[in-house]
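Participant: Below you will find the structure I want to go over with you.
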Amino acid sequence: MTAPVRTDPTIVRVALDARSYDIVIGRGLLASLGARVSALRPGARAVIVTDDNVARHYLGTAEAALAHAGVAASRVIVPAGEASKSYRVFEQVCEAVISARIERGDLIIALGGGVIGDLAGFVASVLRRGLDYVQVPTTLLADVDSSVGGKTAIDSAHGKNLIGAFHQPILVLADTALLDTLPAREFRAGYAEVAKYGLLGDAGFFSWLESNWRDVFAGGTASGSSAREHAIAVSCRAKAAIVARDERETGERALLNLGHTFGHALEAACGFSDRLLHGEAIAAGMALAFEFSARRQGLLPMAEARRAIAHLAAVGLPTRIKDIPGPLPSVDQLMDLIAQDKKVKRGMLTFILVRGIGAAFIEAGVDAREVRMFLSEKLAER
Ligand code: NAD
Ligand code: GLY
């Protein structure tokens, strides 16, 4: 499979009846933001919500694009980082949007990574009992995961994403050129979510990534640009299909949580800090889920698990507990973190396991003692 060479953007439809929308993917699309917004909502005004890093790079272009199309716009800039998914910043953004006299029929534009998408999307879900919003993702993670599917949230002192809503955007505009300024480590962390789609349900895509990941990372060249667009489009198609079948995560959508049981526990153990970015935690979590499925559950040959792990390691993602810098809690504390995240019912955990690359499934009856033993071994390797 080679990535098709294209100049027109790729459009992926998220089919949700009256809440359907397009994900438009291509290089240089930010300049078309105003035209696309005014075509969707003629006469609407907009507030751009962004963070201070992204504002420095792209707010000017976004505002110029809106002005060019005659869309009146104001802006709210919040500090970059997870700490902005807080009650305090949520309140500030709500008040700023109200002050900008945004009414029903107007819209919010989330210009940024997953933090901005989650925060601005949640503001849109509640303000004036629900405003439209547009996602303009600026990280790879946001391109392929957080901007698609309508999960919005802020964090509570008790945990991440505990205060939120399902609220679908009316458009996702994924300009792949915006990734050129993304720090390499953030790009790599987002790539873990790209690889996830191959690992969970598309062995052919995973093989393609094994051969083409360098082009996906390079991005700026002609072959890089089309490889990056292809990888984002395949990922978005996979997520769109799952979301269309299970918008509220009553079943199949949980497959998107491959790697999250171990990953979230490790992320929490590192205090959701720069020690371990979300995508890095998911990479380590997926590697552990493959090894657990092979060695502890006998679901696939260990050689196949090693192949999955080797690709994640080749791009520079952490795949072993010993790759995580700094101290980690005991196995009991990690098991407590898993239990908080996942709920253990009569000693059984719900887990996303794999029968092979591209063959993930939801298993509600994983014995927590097996998980504990496996984690003990992994911690001992440090
Ligand atoms: P992020 O939004 O914090 O962005 C990472 C960093 O990159 C920030 O410092 C940001 O300012 C900077 N940045 C963003 N775009 C840039 C660009 N183009 N150039 C230079 N710098 C840029 O992090 P993220 O990884 O995009 O998102 C993580 C968040 O997403 C977490 O809060 C997580 O809970 C959430 N998430 C949500 C979903 C969902 O379905 N809603 C899914 C996965 C993750
Ligand atoms: N990131 C997982 C989901 O959107 O369901």
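The values are calculated or read from the model by the stated rules, or taken from the named source; none is laboratory data. These numbers were taken from a predicted model, which means no experiment stands behind them. Every residue, glycine among them, receives a Cβ derived from its backbone with ideal geometry; neighbour counts consider all protein chains shown. SASA here: full protein model, heavy atoms, side chains in, ligands and nucleic acids out. Shrake-Rupley method; radii C 1.70, N 1.55, O 1.52, S 1.80 Å.
Participant: Express in % the proportion of alpha carbon pairs of the stretch 210-287 at distances exceeding 22 Å.
Facilitator: Details: 1366 of 3003 pairs.
Considering the stretch 210-287, 45 percent of its Cα-Cα pairs are separated by more than 22 Å.
Participant: What part of the accessible area of the stretch 131-282, given as a whole %, is carbon or sulfur when the probe is 1.4 angstrom?
Facilitator: Details: 2370 of 4570 Å².
Whole-percent figure for carbon plus sulfur exposure: 52.
Participant: While we're looking at this one, here's another question. Using the Cα centre of the chain as the reference point, and only Cβ charges (+1 on K/R, -1 on D/E), how large is the resulting charge dipole? Debye, rounded to the nearest 20. Can you show the working numbers first?
Facilitator: Numbers: 43 positive and 42 negative charges, 83 e Å.
Using only the charged Cβ atoms, the result is roughly 400 debye.
Participant: Over 24 Å apart: what share of the alpha carbon pairs of the stretch 176-316 falls there, rounded to a whole percent?
Facilitator: Values: 3196 of 9870 pairs.
Counting every Cα pair in the stretch 176-316, those more than 24 Å apart make up 32 percent.
Participant: Going highest first, how would you order 290-298, 330-338 by mean Cβ packing within 10 Å?
Facilitator: Details: 290-298: 19.9, 330-338: 17.0.
Packing proxy ranking, top to bottom: 290-298, 330-338.
Participant: OK, next. Quick one: dipole size for the stretch 271-325, taken about the Cα centre, charges +1 on Lys/Arg Cβ and -1 on Asp/Glu Cβ, in debye to the nearest 20. Intermediate values should be presented prior to the final figure.
Facilitator: Details: 7 positive and 5 negative charges, 43 e Å.
For this selection, approximately 200 debye.
Participant: What does the charge count around R129 come to, taking other residues whose C-beta lies under 13 Å from its C-beta (Lys +1, Arg +1, Asp -1, Glu -1)? Don't skip to the end; give the middle numbers.
Facilitator: Details: positive: R104, R128; negative: E103, D132.
Cβ neighbours under 13 Å give a net charge of 0.
Participant: When the helices in the chain are scored as -39500 (n - 2.57) per DSSP H run of 4 or longer and the sum is shared across all residues, what 222 nm value do you end up with, to the nearest 500 deg cm²/dmol? Let's see the in-between values first.
Facilitator: Values: 12 runs with 163 residues, N = 382.
Helix contribution divided over all residues of the chain: -13500 deg cm²/dmol.
Participant: Quick check: pseudo-label points 7 Å beyond the Cα along Cα→Cβ at R214 and R56, how many nm apart are they?
Facilitator: In this crude spin-label approximation the distance works out to 3.1 nm.
Participant: Can I ask one more? Skip the ligands, DNA and RNA, and give the accessible area per residue of the stretch 110-188 with a 1.4 Å probe, whole Å². Don't skip to the end; give the middle numbers.
Facilitator: Values: 2310 Å² over 79 residues.
That works out to 29 Å² for each residue.
Participant: Of A308, P183, G220, which is farthest towards the positive pole of the stretch 178-332's charge dipole, taken about the Cα centre with +1 and -1 on the beta-carbons of Lys, Arg and Asp, Glu respectively?
Facilitator: With unit charges placed on the Cβ atoms, the residue in question is A308.
Participant: Provide the net charge surrounding N161, with neighbours chosen by a C-beta distance below 11 Å and charges set as Lys +1, Arg +1, Asp -1, Glu -1. Show your work: numbers first, answer last.
Facilitator: Working: positive: K85, K151, K160; negative: E82, D118, D155, D341.
Spelling it out: positives minus negatives among the neighbours equals -1.
Participant: Treating the beta-carbon of each Lys and Arg as +1 and of each Asp and Glu as -1, no other charges, what is the dipole magnitude of the stretch 102-154 about its Cα centre, to the nearest 20 debye? Can you show the working numbers first?
Facilitator: Details: 4 positive and 6 negative charges, 42 e Å.
The calculated dipole for the stretch 102-154 is roughly 200 debye.
Participant: Next question, about the same structure. For the stretch 102-160, treating each Cα as an identical point scatterer without solvent, what Debye log10 I(q)/I(0) comes out at q = 0.14, 0.18, 0.25 1/Å?
Facilitator: Scattering profile of the stretch 102-160, log10 relative to I(0): -0.36, -0.58, -0.96.
Participant: Separate question: Taking only the Cα atoms of the stretch 187-236, how large is their convex hull per residue, in Å³?
Facilitator: Working: hull volume 3.1 nm³, N = 50.
Cα convex hull per residue, to the nearest whole number: 62 Å³.
Participant: Can I ask one more? Evaluate 2.2 N^0.38 Å with N set to the residue count of the chain, then give the Cα radius of gyration divided by it. Numbers along the way, then the final one.
Facilitator: Values: Rg = 20.4 Å, N = 382, 2.2 N^0.38 = 21.1 Å.
Compactness ratio reported: 0.97.
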